[in-house]
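Trainee: Take this structure, written in structure tokens, and hold onto it; I'll ask about it next.
The values are calculated or read from the model by the stated rules, or taken from the named source; none is laboratory data. Predicted model, so just to flag it, every value in this text is computed and none were measured. Note that each Cβ is placed from the backbone with ideal geometry, even for glycine, and that neighbours are counted across all protein chains shown.
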Amino acid sequence: MRGEAVDTVRAAFRDECARLGEVLSGLTEADLDRPTDCRPWTVRELLAHVRSGA
């Protein structure tokens, strides 16, 4: 059972990363400099935070 749960989590994480990559590929430099709801971070700064955490 534990192995199946780990596989499920890994699959979900892989799918989320793939979707994030799709969204990011469409962003412009101007998009990256926009503010987020996680003030005072910009999109660029928030992505850097997510990247270092992942």
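Trainee: Give the residues of the stretch 27-52 that are in a helix (DSSP H, G or I) and either of a type outside the set (A, V, I, L, M, F, W, C) or surrounded by 12 or more Cβ atoms within 10 Å (Cβ to Cβ) (or both), sorted by residue number.
Mentor: In the first step, residues of the stretch 27-52 are kept if they are in a helix (DSSP H, G or I); the result is 29-32, 43-52.
Hits for the stretch 27-52 are Glu29, Asp31, Leu32, Val43, Arg44, Glu45, Leu46, Leu47, Ala48, His49, Arg51, Ser52.
Trainee: Scanning the stretch 3-26 for residues that are surrounded by fewer than 10 Cβ atoms within 10 Å (Cβ to Cβ) and acidic (Asp, Glu), which turns out modelled with the lowest pLDDT?
Mentor: Glu4
Trainee: Looking at the stretch 23-54 only, could you name the residues that are among the aliphatic types (A, V, I, L, M) and within 22 Å of Phe13 (Cα to Cα)?
Mentor: Correct list: Val23, Leu24, Leu27, Val43, Leu46, Leu47, Ala48, Val50, Ala54.
Trainee: Take the stretch 20-37 and flag every residue that is polar (S, T, N, Q) and under 15 Å from Val50 (Cα atoms). Break it down into steps so the answer makes sense when it comes.
Mentor: Within the stretch 20-37, the subset polar (S, T, N, Q) is 25, 28, 36.
Passing the criteria: only Thr36.
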